[in-house]
1. In region 335-380, which residues are over 14 Å from residue 12 (Cα atoms), part of a loop (DSSP other than H, G, I, E, B) and touching a helix residue (DSSP H, G or I) at 6+ places or on another chain (Cβ under 9 Å)?
2. One residue is enough: does region 15-37 have a residue meeting the conditions touching a helix residue (DSSP H, G or I) at 6+ places or on another chain (Cβ under 7 Å), in contact (Cβ under 8 Å) with a residue 12 or more places away in the chain, in a helix (DSSP H, G or I) and of a type in the set (Val, Ile, Thr)?
3. From 270, 313, grab the single residue that is in a helix (DSSP H, G or I) and of a type in the set (Gly, Ala, Ser).
4. For region 56-83, which residues satisfy the criterion of being surrounded by fewer than 24 Cβ atoms within 10 Å (Cβ to Cβ) and small (Gly, Ala, Ser)?
5. Do we have any residue at all in region 298-307 that's open to solvent by 50 Å² or more (accessible area, probe 1.4 Å) and farther than 29 Å from residue 232 by Cα?
6. So, of the residues in region 84-121 that are more than 17 Å from residue 169 (Cα to Cα) and free of Cβ contacts under 8 Å to residues at least 24 places away in the same chain, which turns out to be surrounded by the fewest Cβ atoms within 10 Å (Cβ to Cβ)?
7. Please verify whether residue 316 is in contact (Cβ under 8 Å) with a residue 24 or more places away in the chain, open to solvent by 40 Å² or more (accessible area, probe 1.4 Å) and of a type in the set (A, V, I, L, M, F, W, C), treating the condition exactly as stated.
Amino acid sequence: MKSSLFSLGFRPFFLLAALGGSVIMLAWLVTLMYGYAWPGVQDPVAWHRHEMLFGYTGAVIAGFLLTAVRRWTGLSTPDGWPLALLAAVWVAARLTPLLTDWTWLYVLLDLGFWVGLWISLWPALHRAALHNRVFLLLIAGLLVAAALSHSFTLGLGNFWLGHLGAHLGLDFLLIIMLVVAGRVLPFFIQLGLQRPAFPRVAWLEKPFPLLLAALLVVDLTLPLTPWAGLMNLLLAAWLLPRLYLWHDRGIWRVPLLWSLYLAYAWLPVGLALRGLGMLDLVNPYAGIHALGVGGIGLLTLSMMSRVSLGHTGRPLQPSKWIVLALVLMLGAALVRVFTVTLLGSTAYLLSASLWIAALLLFLGVYLPILTKPRPDGQPG
């Protein structure tokens with residue numbers, strides 16, 4: 001009999017993201033506060049950066065795509081033991097640098113996860129419509145970015161190459177977030193508020209894929225230069241009309257709508273701050289953490305909360321603990337981005353603590369939901 005936990009990708013990977021994201025951040029805090037050296041972590045900053053991008057966010061992406069691709073294409077994605085094996089590879093990759101100094105094994109498992117995810121999605125996506133098939137390209141891009149990020153760890157390149165890998169990884173994650181949120185956010189608002197569909201503005205939508213491609217090209221060929229900064233600012237400005245068009249006063253009464261809307265709003269904020277950082281006008285880490293904690297953190301927590309309810313046949317009404325978790329994640333972003341100058345290292349501790357608390361609340365609420373069969377008896 002197939003375990004409910006491995007009946008669909010969102011179940012194990014959302015739980016692992018919450019647990020892993022908490023443990024990774026806690027391990028970072030231990031290093032930051034006490035200088036503890038984990039056996040396989042040669043550069044704590046590079047490890048933290050890599051694990052938040054390719055570890056935590058990688059699990060959320062895996063859970064979402066292994067679930068959503070079934071609905072998009074009508075074709076199956078791995079469940080049962082193949083899904084359990086992919087999850088086990090992810091877990092092993094996260095634990096290896098914390099428990100051993102076998103750097104080669106860490107890299108092998110980490111890249112193996114991305115290869116496994118790509119292979120898992122290929123049968124359902126390679127003949128799908130172009131707008132869905134693009135996710136195969138984006139996952140391949142994340143694999144390459146992860147390999148570049150590991151190059152310094154393996155002694156195969158200089159610090160710059162590893163930094164470029166993380167930078168490109170953030171770009172690919174940003175594109176995935178923009179594509180996915182651009183599909184689901186207006187639909188969720190329309191569905192949740194029972195309002196007419198939002199109009200699509202051709203001049204705003206048609207150039208958008210080209211702008212995303214241009215961001216990748218500029219960040220790859222002219223990384224961290226004023227030209228890349230201007231490209232980030234242009235894309236930030238391009239997102240603002242979407243926020244205006246998709247706004248409805250009703251969203252502020254629905255936690256799973258205001259959290260998604262605010263998460264999307266963090267993306268132009270992060271792009272603008274990152275662009276200004278490349279122009280040496282603000283702290284360069286402000287934009288990275290606006291995208292990472294505000295954009296990735298709040299968007300992933302919101303999406304995990306909604307998808308977990310919808311795909312287990314439950315009403316889309318989060319518990320008060322999940323509403324609190326969403327508020328805590330928003331607080332983590334605000335503290336990390338806007339109070340470091342004032343609070344110094346206290347801001348790091350407070351922001352990380354809020355992040356951990358938010359994910360642990362998700363884990364506590366959704367563990368019994370995601371490990372049991374659907375109450376309506378339907379598959380999934």
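The values are calculated or read from the model by the stated rules, or taken from the named source; none is laboratory data. Here the structure is a predicted model, which means the values were calculated and not measured. Because the Cβ atoms are built from the backbone with ideal geometry, glycine has one as well, and the counts that use them run over all protein chains shown. We work out accessible area using only protein heavy atoms, side chains counted, and drop any ligands, DNA or RNA first. Shrake-Rupley method; radii C 1.70, N 1.55, O 1.52, S 1.80 Å.
1. Within region 335-380, 339, 374 meet the criteria.
2. Within region 15-37 (the criterion being touching a helix residue (DSSP H, G or I) at 6+ places or on another chain (Cβ under 7 Å), in contact (Cβ under 8 Å) with a residue 12 or more places away in the chain, in a helix (DSSP H, G or I) and of a type in the set (Val, Ile, Thr)), the answer is yes, since at least one residue qualifies.
3. Only one candidate qualifies: 270.
4. 68, 74, 76, 80 - these are the residues of region 56-83 that are surrounded by fewer than 24 Cβ atoms within 10 Å (Cβ to Cβ) and small (Gly, Ala, Ser).
5. We begin by selecting, within region 298-307, every residue open to solvent by 50 Å² or more (accessible area, probe 1.4 Å); these are none.
No, there is no match, as no residue in region 298-307 is open to solvent by 50 Å² or more (accessible area, probe 1.4 Å) and farther than 29 Å from residue 232 by Cα.
6. Once the filter is applied, the top-ranked residue is 119.
7. yes
Conditions (1) in contact with a Cys (Cβ under 8 Å, 6 or more places away or on another chain); (2) surrounded by 13 or more Cβ atoms within 10 Å (Cβ to Cβ); (3) of a type in the set (Val, Ile, Thr); (4) in a helix (DSSP H, G or I), marked per residue:
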{"position": "186", "(1), (2), (3), (4)": "no, yes, no, yes"}
{"position": "191", "(1), (2), (3), (4)": "no, yes, no, yes"}
{"position": "199", "(1), (2), (3), (4)": "no, no, no, no"}
{"position": "223", "(1), (2), (3), (4)": "no, yes, no, no"}
